[in-house]
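Beneath this line is the structure, given in structure tokens, with notes to follow.
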Amino acid sequence: MGYRVVVVGAGMVGVLTAWELVQRGARVCLLDAGEVSGGTTGLGEGNVLCSDKDAGPELDLSVLALAMYADIEAWLGPEARIRRKGALIVHTDARTWAAEPARAERLRAAGVAAELLTPAELLACEPELTGAVHGALHVPGDLQCDPRSIVRALARRAAAEGADVREHTRVASLVVEAQTVVGVRLEGGAELRAPAVVVAAGPWSRELVEGAGLAFPLEPRKGQLVRLALSEPDEQFLRHKVVDGSYLLSVTSAATGRELSTVVETTWDGAIVLGSSRERSGFDPSVDPAVVAAMVERGARLVPGLAGLEVETTWVGFRPWLPDHLPAIGPSRRLPGLWLGTGHEGAGVALGPITGRALAAAICGAPPPMDLAPFSADRFAA
């Protein structure tokens, strides 16, 4: 029996697409050049956030995405390690704080619970956050999960239900005939044919898409993260995801240079994860000690208890970035047979499951859960 769909990339988007397709009875082949969740998905903080968004298609998608995590929790239970701890957008700059009441109203209009906190209310909410601030936005519905555990569990389940899951299988190119994508060509020359090919290879998607003839200006946006060890593991050292307001500017910036902001939270095993940096520098895997030191110093301005903690490990991840800050989700009309699920930048864990559901529904001829027009795969073709 042939494949209905070939999915390239076994991160959050690819695996959830394959899983949703299998639930709809489609025969699927899922391919990854490495191991399942061995790329961007397994390197992030596992956040599912509406708090860092603003009105528009990405916020609307995020609201649907957050709701879908109830399904994931029902499927996997404790294995998903979902912690509904909420997020705090903390403002040390009067300029970003001045804009926050209006943004809070836009979040509420989109269905997101959000409240403004005074410095005193913030301290009562998060006692370790004793740095000087103007106030904060509290979004209680945001959550943290274990994306690697989720993706690997659902890949196993998809395989048990008939999906052909192939790790360490590199796709060399898409197979195009008569201006239609009809399959993939593997390294070594073997071909796998299918009437639909989903490219969900995160920051590595561009070469495949442009090699097939579709303009797609996706870039890897490098980020560094730091794990700090508490003297005693304590998952309640910080009760929320804590984000400096400057992050709202960094995440929407198109600058090529390095940008730093502060995000900090405890992990499920009681350590501290600290970020964040962003730079468009290609696939440079090096950790810059100066960035590590700067992130720790900035984090300690908000949470003085971080000063002097041991750095356990540092690492680099690559976010798939598109110039208009929206992912590409859906079919190409210019290149029939090609479907895209990439470009989520730092929100792939959050938006991956709803992206997979939307792609699977549309491929199988059902209405997707949202309008795919803002995320058109062809929007850069001109």
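Here are the numbers:
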read-out: The range 111-199 - accessible surface per residue (Å², probe 1.4 Å); value: 45
read-out: Where the range 288-333 is the region considered: accessible area per residue in Å², 1.4 Å probe; value: 42
read-out: Cα-based convex hull volume of the range 111-200 per residue, rounded to whole Å³; value: 242
read-out: Global form of the range 70-132, assessed from the alpha-carbon gyration tensor, a/c cut-off 1.5; value: oblate
read-out: Sulfur and carbon atoms: percent of accessible area, the chain [1.4 Å]; value: 53
read-out: Check: the range 265-305 dipole with +1 on Lys, Arg Cβ and -1 on Asp, Glu Cβ, in debye; value: 180
read-out: MRE, 222 nm, helices only [DSSP H, n ≥ 4, -39500 (n - 2.57), over the chain, to nearest 500]; value: -9000 deg cm²/dmol
read-out: Gain in span if fully extended, ARG301 to LEU186, counting 0.36 nm per residue against the direct Cα distance; value: 36.4 nm
read-out: Order by protection proxy (mean Cβ within 10 Å, highest first), peptides 300-312, 150-162; value: 150-162, 300-312
read-out: For the chain: span of alpha carbons on each principal axis (Å, largest first); value: 63, 41, 41
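The values are calculated or read from the model by the stated rules, or taken from the named source; none is laboratory data. Everything numeric here is computed off the predicted structure, so don't read it as measured data. Cβ coordinates were reconstructed from backbone atoms using ideal geometry, including for glycine residues, and neighbour counts include every protein chain displayed. Heavy atoms of the whole protein, side chains included, go into the accessibility calculation; ligands, DNA and RNA do not. Shrake-Rupley method; radii C 1.70, N 1.55, O 1.52, S 1.80 Å.
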